[in-house]
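Input: a single structure, listed below in structure tokens.
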Amino acid sequence: MTLAAPRGGGYSGFVDILVLIAYYLAQAVFWIWRLAQLTAVVLGAWALIDTLTHDAAHFVAAGKRTKGFWLGANAAGIAVVLLMGANSMLGLLGVVANSVYLADVRPALKYYSPVRVRSNIRFPGNGGSRGGSSRGPGPRDWTPGR
């Protein structure tokens, strides 16, 4: 299939459209790569900060490597991503190290983290407060035999 030349004798309008399409496509690819780079840095920072917040005993209890190992792996991962970019081979290894921590180690550590206890204890008959209630029993109160 061949393109017939427009009446003006050239393809300038057609070529201009192709140039604009190529330009905007290149811009879209550029910004997608920037977004991927930013995502890799945020992922690495999240993994590094999360590693710092957990106790070293939790790593041993979860049966994972030591806290020092994961601190080193996550710090090296984010450093490589910052220095070489997320789309380099070493940058991809850094992203994988941070992702393995977040996908495998972090859920295991959350299982062994201390449980947070609610500070408000609700007693039946007093509306959930610690003091006495002037109201009578409500519809959610439970008493045996009722």
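The values are calculated or read from the model by the stated rules, or taken from the named source; none is laboratory data. Owing to the predicted nature of the structure, the values given are computational and were not obtained by experimental measurement. Note: ideal-geometry Cβ built from the backbone for every residue, glycine included; neighbour counts use all protein chains shown.
Points worth noting:
- Count - residues of segment 64-98 that are of a type in the set (S, T, N, Q) and out of contact with any helix residue (DSSP H, G or I) (no Cβ under 7 Å at 6 or more places or on another chain): 1
- Within segment 53-80, being at pLDDT below 95, within 18 Å of the chain's Cα centre (by Cα) and part of a helix (DSSP H, G or I) holds for one residue alone: T53.
- Near pairs, Cβ below 6 angstrom, 6+ apart or cross-chain, from segment 50-76 (over 18 Å from G94 (Cα atoms)) to any residue that is not in a helix (DSSP H, G or I): F59/T66
- Yes/no for I17 being modelled with pLDDT of 95 or more, over 30 Å from G94 (Cα atoms) and among the β-branched types (V, I, T): no
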